[in-house]
1. What is the residue count in the stretch 58-105 for residues that are in contact (Cβ under 8 Å) with a residue 12 or more places away in the chain and farther than 18 Å from E120 by Cα?
2. Filter the stretch 31-66 for residues that are assigned to a loop (DSSP other than H, G, I, E, B) and of a type in the set (D, E, K, R); which is nearest to the chain's Cα centre (by Cα)?
3. When you scan the stretch 132-145, do you find a residue that is among the polar types (S, T, N, Q), closer than 21 Å to V17 by Cα, under 18 Å from the mean Cα position of the chain (by Cα) and surrounded by 13 or more Cβ atoms within 10 Å (Cβ to Cβ), even just one?
4. Consider E2 carefully, then state whether it is closer than 19 Å to L129 by Cβ, modelled with pLDDT under 95 and either of a type in the set (G, A, S) or surrounded by fewer than 15 Cβ atoms within 10 Å (Cβ to Cβ) (or both).
5. Would you check which residues across the stretch 85-111 are out of contact with any Asp or Glu (no Cβ under 9 Å at 6 or more places or on another chain) and assigned to a loop (DSSP other than H, G, I, E, B) and list them?
6. Among the residues of the stretch 10-20, are any at pLDDT below 95 and either surrounded by 16 or more Cβ atoms within 10 Å (Cβ to Cβ) or under 13 Å from the mean Cα position of the chain (by Cα) (or both)?
7. How many of the residues in the stretch 21-30 are assigned to a helix (DSSP H, G or I), among the aliphatic types (A, V, I, L, M) and either within 16 Å of V127 (Cβ to Cβ) or at pLDDT below 95 (or both)?
8. Surrounded by 17 or more Cβ atoms within 10 Å (Cβ to Cβ), closer than 22 Å to A29 by Cα, aromatic (F, W, Y) and modelled with pLDDT of 95 or more: is that true of F68 in this structure?
Amino acid sequence: MEQVKFVALDREDLEVVSTHLQDALVKVADIMWRPQERRLIVSLSRFDWPAAEKESPQLRRCQSVLRFERVNSCKCRSVNPAGKDAVLTLLAVDFIETDPPAGAVTLIFTGGGALRLEVECLEAELVDLGPSWPAAERPLHVEDAPTLRG
């Protein structure tokens, strides 16, 4: 697995980052909001989708950090900050400009959870911290789940 380092300064950049973060696992205790620094840091276990989709697939994860700068506020929905041991699955990261270059970044988790960041401007970075390791399984999506018919 090749280590990644991405900087996102606009919506298109963030779409690339979001693609690499699909199905990342995030422990609630590893979401660090630092209001005095206007920074949000999220440590996560990133699934390597490009390796999983090759002809001879490899299921791998890597410890990564997602960082947002120039954050004015951070609000959460259906994410209990007291439940520090809870593990969330990140589905996507989105950005909508509200008063350019300011806008709202939303981290969307399974089960309806979300973090909404009001940002002065989009300034994000995704960095892998070390070597990858074998993943126990490929993430299962609702559309992949077996269905009962008849």
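1. Selection size over the stretch 58-105: 24.
2. From the stretch 31-66, those assigned to a loop (DSSP other than H, G, I, E, B) are 35-38, 48, 53-59; that's our starting set.
Add one more test, that the residue is of a type in the set (D, E, K, R), and what stays is 37-38, 48, 53-55.
Numbers: E37: 20, R38: 18, D48: 13, E53: 19, K54: 22, E55: 26 Å.
Applying the filter and picking the extreme gives D48.
3. Residues of the stretch 132-145 among the polar types (S, T, N, Q): 132.
Of the ones still in play, those that are also closer than 21 Å to V17 by Cα are 132.
In the following step, the residues that additionally are under 18 Å from the mean Cα position of the chain (by Cα) were identified as 132.
The next check asks that each one be surrounded by 13 or more Cβ atoms within 10 Å (Cβ to Cβ); those that pass are 132.
Yes, there is a match, as at least one residue in the stretch 132-145 is among the polar types (S, T, N, Q), closer than 21 Å to V17 by Cα, under 18 Å from the mean Cα position of the chain (by Cα) and surrounded by 13 or more Cβ atoms within 10 Å (Cβ to Cβ).
4. On the way: closer than 19 Å to L129 by Cβ: yes; modelled with pLDDT under 95: yes; either of a type in the set (G, A, S) or surrounded by fewer than 15 Cβ atoms within 10 Å (Cβ to Cβ) (or both): yes.
Spelling it out, E2 is indeed closer than 19 Å to L129 by Cβ, modelled with pLDDT under 95 and either of a type in the set (G, A, S) or surrounded by fewer than 15 Cβ atoms within 10 Å (Cβ to Cβ) (or both).
5. D85, A86, P100
6. First, the residues of the stretch 10-20 that are at pLDDT below 95: none.
No - not one qualifying residue is present in the stretch 10-20.
7. Filtering the stretch 21-30 down to residues assigned to a helix (DSSP H, G or I) leaves 21, 28-30.
Narrowing the set further to residues that are among the aliphatic types (A, V, I, L, M) leaves 21, 28-29.
Checking which are either within 16 Å of V127 (Cβ to Cβ) or at pLDDT below 95 (or both) leaves us with 21.
So the count comes out to 1.
8. Working: surrounded by 17 or more Cβ atoms within 10 Å (Cβ to Cβ): yes; closer than 22 Å to A29 by Cα: yes; aromatic (F, W, Y): yes; modelled with pLDDT of 95 or more: yes.
Against the criterion (surrounded by 17 or more Cβ atoms within 10 Å (Cβ to Cβ), closer than 22 Å to A29 by Cα, aromatic (F, W, Y) and modelled with pLDDT of 95 or more), F68 qualifies.
The values are calculated or read from the model by the stated rules, or taken from the named source; none is laboratory data. On a predicted model such as this, the values are computed, not experimentally measured, just so you know. In this analysis, Cβ positions are derived from the backbone assuming ideal geometry, glycine residues included, and neighbour counts consider all displayed protein chains.
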